[in-house]
1. Send over the Kirkwood Rh of the chain, from the inverse of the averaged 1/r over different Cα pairs, rounded to one decimal Å.
2. Just to check, using Stokes-Einstein with a Kirkwood Rh over alpha carbon pairs, what's the diffusion coefficient of the stretch 13-114 at 4 °C and 1.567 mPa s in µm²/s?
3. Kindly write out, for the stretch 88-105 in residue order, the coupling ³J(HN,Hα) from the Karplus curve 6.51 cos²θ - 1.76 cosθ + 1.60 (θ = phi - 60°), rounded to whole Hz, with x marking Gly and Pro.
4. Using only the alpha-carbon atoms, how far is helix 161-171 inclined from the longest principal axis of the chain? Give it as 0 to 90 degrees, nearest 10.
5. For THR71 and PHE122, what is the calculated FRET efficiency with R₀ set at 22 Å and r taken between the beta-carbons, to the nearest 0.05?
6. Please give the net charge around PHE96, taking every other residue with its beta carbon less than 12 angstrom from that of PHE96, where Lys and Arg add +1 and Asp and Glu add -1.
7. Return a whole-number percent for the relative contact order of the chain, with Cα pairs under 8 Å and 6 or more residues apart as the contact set.
8. Given a cut-off of under 8 Å on Cα pairs at least six residues apart, what relative contact order in percent is computed for the stretch 118-189?
Amino acid sequence: MEPISLSSVTSLTGHEQDDLRQLARDSIRHGLTHGKALDVNASDYSDPLQRQRATFVTLELGGTLRGCIGTLEAHRPLAVDVASNAYAAAFSDPRFPPLDENEFQRLDIHISILTPSEPLLFNGEEDLLEKIRPGIDGLILSEGYRRGTFLPSVWESLPNPEQFLQHLKLKAGLPADYWSDQIEIERYTTELIE
């Protein structure tokens with residue numbers, strides 16, 4: 001299937017959201033016993049879950065980050081992307097050891113479904129800061145081989161656009177006060193399933 005366009009983005013039904021929540025949990029459970037993500041046949045799911053979409057799966061324990069892995073560009077069916085990213089967030093996030101059974105029982109799973117990213121045009125850092133939409137935009141910052149992204153949910157902990165951008169630069173491996181005309185910014189929004 002073709003990647004989804006911005007004009008065709010629609011919200012998932014409650015049943016489809018439930019399917020994705022269960023799929024993420026099942027893939028992590030499968031990883032605990034089999035050491036790999038759950039194999040998913042996208043045709044077993046509704047049409048919206050078969051469409052190519054990019055997702056991030058964020059895991060939390062007691063409100064603290066426990067793993068977050070995702071894709072920025074749609075390249076596989078939504079159901080497959082969620083299963084794969086849920087497994088990777090639990091077992092392959094380099095910031096954390098692999099998840100164990102005890103943690104699995106207490107795990108909160110959040111799924112972010114991304115809209116396709118769009119280039120953000122700006123003239124300098126001040127203009128960029130004025131165009132960023134706090135609480136709405138996820139951003140991808142690129143310069144050369146350096147790249148970093150923050151999901152819109154990061155606004156909860158970094159509500160100030162200047163701080164948001166500084167931390168995004170750090171994530172991309174650049175100094176917080178760095179600026180260059182070579183910096184490129186793309187933005188996207190997400191549908192969050194909790």
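Values in this text are rule-based calculations from the coordinates and carry no lab data. Just so we're clear, the structure is a prediction, and the values are computed from it rather than from any experiment. Heads up, the Cβs are rebuilt from the backbone with ideal geometry, glycines too, and the neighbour counts pull from every protein chain shown.
1. Working: mean 1/r = 0.0573 Å⁻¹.
Hydrodynamic radius (Kirkwood, Cα only) of the chain equals 17.4 Å.
2. Values: Rh = 13.3 Å.
After rounding, the answer is 97 µm²/s.
3. Per residue, the Karplus-derived 3J(HN,Hα) values read 5, 5, 7, 10, 10, 5, x, 7, 9, x, x, 4, 10, 4, 4, 5, 4, 5 Hz.
4. Helix 161-171 sits at roughly 70 degrees to that axis.
5. After rounding, the FRET efficiency stands at 0.30.
6. On the way: positive: ARG66, ARG95; negative: GLU60, ASP93, ASP100, GLU103.
Net charge around PHE96: -2.
7. On the way: 357 pairs, mean separation 40.6, N = 194.
Relative CO of the chain lands at 21 percent.
8. Relative contact order here is 42 percent.
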